[in-house]
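The values are calculated or read from the model by the stated rules, or taken from the named source; none is laboratory data. Keep in mind that what you see is a predicted model, and the values were worked out from it rather than measured. So basically every Cβ, Gly included, is an ideal-geometry build from the backbone, and we count neighbours across all protein chains shown. These accessible areas exclude ligands, DNA and RNA; they are computed on the full protein's heavy atoms, side chains included. Shrake-Rupley method; radii C 1.70, N 1.55, O 1.52, S 1.80 Å.
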Amino acid sequence: MKRLLAGLSAAVLGLTPLAGCASEAAGDPTPGTARQAAYPRTVEVPGDPPQRVTLPSRPQRIAALSPDVAEAAVELVGPGSLTAVPASATNPSLSAHADRLAAVPVKLPPGNDPDPERILALDPDLILVTTRHGGEQDARQVLAQAGVPMIAITNGWRTLDEVKENLTLLGRALDAEAKARQITAELDRRAAAVARRIGGIEKRPSVAILSNQAGRPFINAADVLTSDLVRRAGGDLVAERIGLRTTGPVTAERLIAAEPDAILLIDVTGKGRDSYRPLLDNPAVAELAAVREGRVKLLPARISYGTGGVRLADGLEEIARWLHPEAMR
């Protein structure tokens, strides 16, 4: 044993100067030193007002309170650093990473009112939230007093550009800048390809976007991410034409009055077209040209909502092929 300890000591004594010289010669830190040197880091978070969030070390116990930030975090760093995500994030219709998010230890109850006490009891070292709803805004105010680093996304993930901004921000916070660049570059590449292929189109069909997130069909306003995808795919928005400012329940009369050229159904719940059947089977709705001529398309939310990450490019391409099949051949 003494000979073993002596041998190890000699090895350490012998290697230490060499390692030091090599490091100095190369000018590059060792991997361990690089990881230590990466933190603490301060992240600039846009908002009103903007915030500066200082992270003392690489986050290992992340509580993601909203489905969109949970999806982004798992896409950037995997599930191992997550300690809590919304239960809805494990819905395969809503999430492209439902199986990976299912492995996260704690599933927060459904809804948009996270419980600050329960979250703090998890001892997170970083809290992620999108302040899209009143409950999330209230939780943010309470959690801000606890001293736990928190990144609050305020832009709502409403466009591909905002998605890229958020991924870049979270990549910085999570020491995943390279992964964030890879995802945003892929989104840019595929969006540019769609733009080139539909560049010569002359007619842009008007599209009504419906979703089933509340147990009944809603008609979506023009400021949701799916609307940005429709615009980029060569469609116009019924919501803009009729002055729809907020997403809300849709009646047969309202849909008929909108006279859409096409209807896009977003499946948030996983119930598919059946959840829209009472509306689409209404005799008057069935007489709309969009319904009568089959210009109705169902897409899962995982590729067409703000939770989509890089899979949003799939949604963009599918919408473009639906609206302009000749250009997208």
- Item | For residue 319: the one exception among (1) assigned to a helix (DSSP H, G or I); (2) touching an Asp or Glu at 6+ places or on another chain (Cβ under 7 Å); (3) closer than 20 Å to residue 221 by Cβ | (2)
- Message: Regarding the stretch 157-173, can at least one residue be identified that is assigned to a helix (DSSP H, G or I), within 25 Å of residue 63 (Cβ to Cβ), touching a helix residue (DSSP H, G or I) at 6+ places or on another chain (Cβ under 7 Å) and open to solvent by 10 Å² or more (accessible area, probe 1.4 Å)?
- Response: yes
- Contacts under 6 angstrom Cβ, first residue in the stretch 152-180 being farther than 21 Å from residue 191 by Cβ, partner basic (Lys, Arg) and in a helix (DSSP H, G or I), 6 or more apart: 152/140
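Residues are listed down the side, and each one gets a yes or a no for (1) crowded, with 17+ Cβ neighbours inside 10 Å; (2) touching a helix residue (DSSP H, G or I) at 6+ places or on another chain (Cβ under 8 Å); (3) farther than 27 Å from residue 75 by Cα:
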{"site": "275", "(1), (2), (3)": "yes, no, yes"}
{"site": "287", "(1), (2), (3)": "no, no, yes"}
{"site": "291", "(1), (2), (3)": "yes, yes, yes"}
{"site": "303", "(1), (2), (3)": "yes, yes, no"}
{"site": "314", "(1), (2), (3)": "yes, yes, no"}
{"site": "319", "(1), (2), (3)": "yes, yes, no"}
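For the stretch 254-268, name all the residues that are in contact (Cβ under 8 Å) with a residue 24 or more places away in the chain and either closer than 13 Å to residue 208 by Cα or open to solvent by 50 Å² or more (accessible area, probe 1.4 Å) (or both).
The first filter runs over the stretch 254-268 and keeps only residues in contact (Cβ under 8 Å) with a residue 24 or more places away in the chain, leaving 254-256, 258-268.
Selection gives 254, 255, 256, 258, 259, 260, 261, 262, 263, 264, 265, 266.
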- Item | Residue satisfying all of: in the stretch 174-197; of a type in the set (Gly, Ala, Ser) and surrounded by 18 or more Cβ atoms within 10 Å (Cβ to Cβ); nearest to residue 126 (Cα to Cα) among these | 176
- Identity of the residue in the stretch 227-253, modelled with pLDDT under 95 and of a type in the set (Ser, Thr, Tyr), that ends up most open to solvent (accessible area, probe 1.4 Å): 246
- Task: Tell me which residues, restricted to the stretch 199-226, are under 24 Å from residue 281 (Cα atoms), part of a loop (DSSP other than H, G, I, E, B), open to solvent by less than 30 Å² (accessible area, probe 1.4 Å) and among the hydrophobic types (A, V, I, L, M, F, W, C).
- Result: 221
- In the stretch 245-276, what residues are more than 20 Å from residue 298 (Cβ to Cβ) and of a type in the set (Gly, Ala, Ser)? 248, 257
- Any hit, the stretch 306-316, residues being part of a helix (DSSP H, G or I), of a type in the set (Lys, Arg), free of Cβ contacts under 8 Å to residues at least 40 places away in the same chain and out of contact with any Leu (no Cβ under 8 Å at 6 or more places or on another chain): no
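Identify all residues within the stretch 130-143 that are among the β-branched types (Val, Ile, Thr) and open to solvent by less than 50 Å² (accessible area, probe 1.4 Å); write none if there are none.
Filtering the stretch 130-143 down to residues among the β-branched types (Val, Ile, Thr) leaves 130-131, 142.
Listed by number, the residues that qualify are 130, 131.
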